[in-house]
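Below is one structure, written out as C-alpha cells; comments come after it.
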Amino acid sequence: MHLLSAYRLFARPSGLLKIILLSSAALSTVILTGCASKPQVNNTTRYATAPGYYTVRSGDTLSAIAVRYGLGYVSVAEMNDIAPPYRIYVGQSLRLKTSASRPTTSTQAVTQAAPIQRQTVATYSAKTTTAPAVKNLPTVPVASSKASALRWVKPSMGAVIQNFSLANNIKGIRYAGNVGDAIYAAADGQVVYAADGLKEYGNLILIKHIDGYISAYAHNNKMNVKSGDNVVAGQKIAEMGSTGTTRTMLEFQVRLDGKPIDPVQVLPIN
C-alpha cells in the first residue's frame, strides 16, 4: 500500500472502514473456498487435546472455540451443520472431532448479536454467568458496554500518560511501559490490519469487533498476530515499542462506526 494512500485511509473514518471491509471480504473469500471435506486443523497440538464435543458457554464465539482447539471455525460450523450467520447458543453441544459420539444436551435461545465474519456471540437470554477464563491470559478487570454485548479488558498494564483529547489530537489513551511489555486484545474480534503502512503509528494492529467497534494498537515493537486472525479478550497480540514515535508507549484507540471515542467509555474501571 502506498504510504500517502494508507495515511489518508486511516485518517478519514470512511477510509478506515474501506480498509476493514476490503480486508474482511478478502479473508471471507479465502476461508469459504477452503476444503470442507474434513476438519481444517490449524494447530495439531491443540487439536490433539480437543474434546469430542464442547458445550457452548456465555461469551463464546464460534471462532474463539475453534482457535482454542486448533481448528478453523468454518470446519466446526460444517461438522455441526451450522449455516451462516453461524449462530451458536449457550448450552449447545458442538462436535469438534468427526469420530466423537454425541452427548445428550439441551440448548437455550439467545439474543442475536451483530456478526463478525458472520459469527455471533453466545449469551444467556435470562440469567447470565461470568464468561470462562482463558488459560495463560492475565487476570484483568472486565466490563460490558451498555450499548454492546462486548466484554472489554485493558490493553496494557502500564500507567496512563495521556488521556483522550480531540482538542489535542489525541484520539485514544496512551500507556507508558518498557520495550517488550505485553499488549492485549481489548475484546473478542478479528484482526483486519497488522502492518507498518502508517508512519505516525508505526507497527499498527486494527481489530474489528461486533456492534461497529474497532480497536487500534499503535507503536508496537513486535506484532504477534496477522490480518485474518481471530482473537479473544486478554490475548497477547503484541509487545510494546516506540515505532513511529519518540518514546516507548502504546496508543490505544477505539472507534465506533468509524469515529474515535474515548476508550474510558468501554474499558473497565479499576
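The values are calculated or read from the model by the stated rules, or taken from the named source; none is laboratory data. Keep in mind it's a predicted model, so treat the numbers as computed, not measured. Reconstructed Cβ throughout: ideal geometry from the backbone, glycine too, with neighbour counts over all protein chains shown.
Looking only at residues of region 70-98 that are among the hydroxyl-bearing types (Ser, Thr, Tyr) and under 23 Å from Trp152 (Cα atoms), we find that the one that is surrounded by the most Cβ atoms within 10 Å (Cβ to Cβ) is Tyr73.
The set of residues from region 236-270 being of a type in the set (Val, Ile, Thr) and not in a strand (DSSP E or B) comprises Thr243, Thr245, Thr246, Thr248, Val264, Val266, Ile269. Among the conditions (1) crowded, with 19+ Cβ neighbours inside 10 Å; (2) in contact with a helix residue (DSSP H, G or I) (Cβ under 7 Å, 6 or more places away or on another chain); (3) of a type in the set (Ser, Thr, Tyr), the only one that Tyr201 does not satisfy is (2). Applying a threshold of 6 Å to beta carbon distances and a minimum spacing of six or more residues, or different chains, the list of pairs starting in region 176-192 at a residue that is in the same structural domain as Val153 (by TED's automatic domain parsing) and ending at one that is among the acidic types (Asp, Glu) and surrounded by 18 or more Cβ atoms within 10 Å (Cβ to Cβ) reads Gly180/Glu239; Val191/Asp229.
Does Val225 qualify as being in a loop (DSSP other than H, G, I, E, B), modelled with pLDDT of 95 or more and more than 14 Å from the chain's Cα centre (by Cα)? No, not satisfied.
Going through Val264, Val192 one at a time, which residue ends up being β-branched (Val, Ile, Thr) and crowded, with 17+ Cβ neighbours inside 10 Å?
The conditions single out Val192.
Residues of region 185-209 that are farther than 14 Å from Arg255 by Cβ, assigned to a strand (DSSP E or B) and in contact with a strand residue (DSSP E or B) (Cβ under 6 Å, 6 or more places away or on another chain): Gln190, Val191, Ala194, Asn203.
Just one residue in the set Asp262, Asp257 is of a type in the set (D, E, K, R) and within 18 Å of Asn163 (Cβ to Cβ); that residue is Asp262. Among the residues of this structure, Ser165 counts as one that is surrounded by fewer than 16 Cβ atoms within 10 Å (Cβ to Cβ) and assigned by TED's automatic domain parsing to the domain that holds Asp229.
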